[in-house]
Amino acid sequence: MTKIRMDFIPCLLIGGLLLGGTIFAGQKYVEMADNRYETQELPQGEVGGVPTDDTPLVESIAEMKQHDTFYVVTDDENYEMYHLFYDDKEWNPLKLPSGEVVCVRNNSKASETVDGFKKQTPVGKIVPFEIPETLITQLEEERSGFVFADTTFYVDMFGEALSSANEDDIKFKFDIAAVILFWVGTFGSHMIGAKIGILPPVFPKRKKEQA
């Protein structure tokens, strides 16, 4: 049975502190990002924000193309529930009053329920974009009978809004960093200790047997 060398115990403690500190920092980062998202101020009349009296209300793709920015009031009250994932971002299929389905990036904080059940979207703008097959396939799986009416653009209804933290992704990255720092801290501190003479070498040289 392999025993832990006594000279490694303080080094393991240093590595453990780096491990725990990194995991703690990751959790705090998630909490801070979520808090920024929850407390952010929504821009008025800007992309990703709430519409103003001057923001055009549109019902079709043709009307969208007539304006720089616009918003939609849709009967598709649950469009925010259907998340399509691509390039670490969330996308939503939105059914316009015209019946056309478009791909949007939506800031859910700026969406509002109106007239009892309809959804008023955030302010949006058309962005040229070739919708990838990944999103098209996900849409077919998520919402039967829905087909994007135009795959040459998406509607940006997110703007500069902050994303809430992707906890699983951030946790994974911090966990990897924590493991690396644990080993670096353990062996690095031991090598430094050996170099300055307070610890023996990490790999002691064996004495040659005398002939």
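The values are calculated or read from the model by the stated rules, or taken from the named source; none is laboratory data. Just so you know, these numbers come straight off a predicted model, no measurement behind them. Cβ placement follows ideal geometry from the backbone for every residue including glycine, while neighbour counts extend to all protein chains displayed. The protein model used for the area step is the full one, side chains on, heavy atoms only, and it has no ligands, DNA or RNA in it. Shrake-Rupley method; radii C 1.70, N 1.55, O 1.52, S 1.80 Å.
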## Note on the structure
Total charge of the residues flanking residue 118 in space, meaning their Cβ is under 10 Å from its Cβ, with Lys and Arg +1 and Asp and Glu -1, is -4
### Task
Anything over 30 Å Cα to Cα? Flag those among 109/173; 171/195; 118/171; 125/171; 95/171, in the order listed.
171/195; 118/171; 125/171; 95/171
### Query
Which of the listed residues, 39, 16, 62, is farthest toward the dipole's positive end in the range 1-72, when Lys, Arg count +1 and Asp, Glu count -1 at the beta-carbon?
16
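Given Cα pairs under 8 Å that are at least 6 residues apart, what percent is the relative contact order of the chain? List each step's numbers first, then the result.
Numbers: 345 pairs, mean separation 58.4, N = 211.
For the chain, the relative contact order is 28 percent.
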### Axial C-alpha extent at least 27 Å, average Kyte-Doolittle at least -0.5 - helices from the chain (DSSP)
9-39, 167-195
### Message
Helix-only estimate, please: 222 nm mean residue ellipticity of the chain, summing -39500 (n - 2.57) across DSSP H runs of length 4 or more and dividing by its residues, to the nearest 500.
### Response
-12000 deg cm²/dmol
## Note on the structure
Simple spin-label estimate for residue 78/residue 9, 7 Å along Cα→Cβ, in nm, reads 6.1
#### Entry: Probe 1.4 Å, protein heavy atoms only - accessible area per residue of the chain in square angstrom
64
### Query
Farthest toward the dipole's positive end in the chain, which of 120, 183, 137, given Cβ charges of +1 (Lys, Arg) and -1 (Asp, Glu) about the Cα centre?
183
## Note on the structure
Pseudo-spin-label distance residue 183 to residue 160, built 7 Å along Cα→Cβ, given in nm, is 4.3
### Message
Among 108, 189, 144, which one shows the highest mean-square fluctuation when the chain is modelled as a Gaussian network with alpha-carbon springs under 10 Å?
### Response
144
### HN-Hα J in Hz across the range 79-95 - Karplus 6.51, -1.76, 1.60, θ = phi - 60°, x for Gly and Pro
4, 5, 6, 9, 9, 9, 10, 7, 6, 6, 10, 9, 10, 10, x, 10, 8
### Summary
In whole percent, the fraction of accessible protein surface over the chain that belongs to carbon or sulfur atoms, probe radius 1.4 Å, stands at 56
## Note on the structure
Burial-style ranking of 88-97, 119-128, average other-beta-carbon count within 10 Å with highest first, yields 119-128, 88-97
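Just need the relative contact order of the range 1-119 here, percent rounded to a whole number, with Cα pairs under 8 Å and 6+ apart.
Relative contact order for the range 1-119 comes out at 18 percent.
Is there a quick way to get the dipole size of the chain? I mean about its Cα centre, with the Cβ of Lys and Arg at +1 and of Asp and Glu at -1; what is the value in debye to the nearest 20? It would help to have the intermediate numbers written out before the result.
Working: 20 positive and 34 negative charges, 523 e Å.
So the magnitude is around 2520 debye.
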### Percent antiparallel among DSSP beta bridges (both partners in the chain, rounded to 5)
70
